[in-house]
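Colleague: Dropping the structure in here first, questions after.
Just so it is clear, none of the values below were taken in a lab; they were calculated from the coordinates. Please read these numbers as outputs of a predicted model, since none were measured by experiment. Cβ placement follows ideal geometry from the backbone for every residue including glycine, while neighbour counts extend to all protein chains displayed.
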Amino acid sequence: MVTENLKKVEERIQAACLRSGRKREDVTLIAVSKTKPVELLREAYDSGIRYFGENKVQELCAKYEEMPSDIHWQMIGHLQRNKVRQVVGKAELIHSVDSLRLAEAIDKEAGKQGITARILLEVNMAKEDTKFGLMPEEVLDFTKEIVRFQNIRVEGLMTIAPFVADPEENRIHFANLRKLSVDIRKEKVNNVNMSILSMGMTNDYEIAIEEGATMVRVGTGIFGERNYAQ
Ligand SMILES: *Cc1c(COP(=O)(O)O)cnc(C)c1O
């Protein structure tokens, strides 16, 4: 099932790239495997997937041990400071940084490990009360604060768009996240690179690609519905 689903997702990604005049290799598909057993991750791996996204530190670390070592693990969920130690060095990119205290904790741990941690800033574009993330108008100042952390490199922005019946409603949020990254790039802040836009999930990844996504995070569309009751 995973293999067939991936084929369909791949076709849709290619069609969205074609429609918007983008190159397929400029969009990375992240298979969001949270709650799913490693057998299904292996099927995706055997179909060529090398980017996997998880939203819980413990689950990411467990799967990290079980899966092949050439996977680019992506931490996409809200991160607590007391879990930072476990995930730095395992997740190649942390998509969900939204506070200076969290950035500081990541910086400290990366320093201890002698590495540079790559991160994205999570932005709550639709200003939903239920979501984490910086408010769009806070992001520029935030990038100026974060330069003091020498073991961190900001690679771009991430957003989780609202859950809507018609994905077209989210186009504006994706377009605005892209504008924000362009504005920040113009400021040329040290350690801040705006090459990644992580946006778009199963319901809206095609629209996100049309609006400039360089990473799309697809779970249900690849692995099927999640059953949280299990
Ligand atoms: C679960 C999750 C996804 C994938 O959602 P689907 O709708 O299943 O594609 C993407 N991004 C984040 C941050 C998630 O937590």
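Colleague: Name the helices (runs of 4 or more DSSP H) wholly within the stretch 139-225 that hold at least 3 residues that are among the aliphatic types (A, V, I, L, M) and buried (at least 21 other Cβ atoms within 10 Å of the Cβ)?
Modeller: On the way: elements: 139-146, 171-187, 205-210, 220-223.
Of the helices (runs of 4 or more DSSP H) lying wholly inside the stretch 139-225, those with at least 3 residues that are among the aliphatic types (A, V, I, L, M) and buried (at least 21 other Cβ atoms within 10 Å of the Cβ) span 171-187, 205-210.
Colleague: Can I ask one more? Of the residues Val57, Val84, Val2, Val27, which is within 16 Å of the ligand (Cβ to nearest atom) and within 24 Å of Ala103 (Cβ to Cβ)? Show your work before the answer.
Modeller: Details: Val84 fails: within 16 Å of the ligand (Cβ to nearest atom); Val2 fails: within 24 Å of Ala103 (Cβ to Cβ); Val27 fails: within 24 Å of Ala103 (Cβ to Cβ).
That would be Val57, the only listed residue that is within 16 Å of the ligand (Cβ to nearest atom) and within 24 Å of Ala103 (Cβ to Cβ).
Colleague: Got at least one residue in the stretch 149-159 being within 15 Å of the ligand (Cβ to nearest atom) and over 22 Å from Tyr51 (Cβ atoms)? First the steps, then the outcome.
Modeller: Taking the stretch 149-159 as the starting set, the residues that turn out to be within 15 Å of the ligand (Cβ to nearest atom) are 156-159.
Pick out the ones that are also over 22 Å from Tyr51 (Cβ atoms) and you get none.
No, the stretch 149-159 has no match at all.
Colleague: Just for helices (runs of 4 or more DSSP H) wholly inside the stretch 1-74: which have at least 1 residues that are under 16 Å from Leu93 (Cα atoms)?
Modeller: Numbers: elements: 2-19, 38-46, 57-66.
It comes to 57-66.
Colleague: With respect to Ser99, determine if the residue is under 19 Å from Leu121 (Cβ atoms) and free of Cβ contacts under 8 Å to residues at least 40 places away in the same chain. Show your work before the answer.
Modeller: On the way: under 19 Å from Leu121 (Cβ atoms): yes; free of Cβ contacts under 8 Å to residues at least 40 places away in the same chain: yes.
Criteria met by Ser99.
Colleague: A follow-up question, please. Checking the conditions here, which among Glu145, Glu210, Glu168 is acidic (Asp, Glu), away from the ligand (no atom under 16 Å from the Cβ) and closer than 22 Å to Leu93 by Cβ? Step through it out loud before you land on a result.
Modeller: Numbers: Glu210 fails: closer than 22 Å to Leu93 by Cβ; Glu168 fails: closer than 22 Å to Leu93 by Cβ.
Testing whether each residue is acidic (Asp, Glu), away from the ligand (no atom under 16 Å from the Cβ) and closer than 22 Å to Leu93 by Cβ leaves just Glu145.
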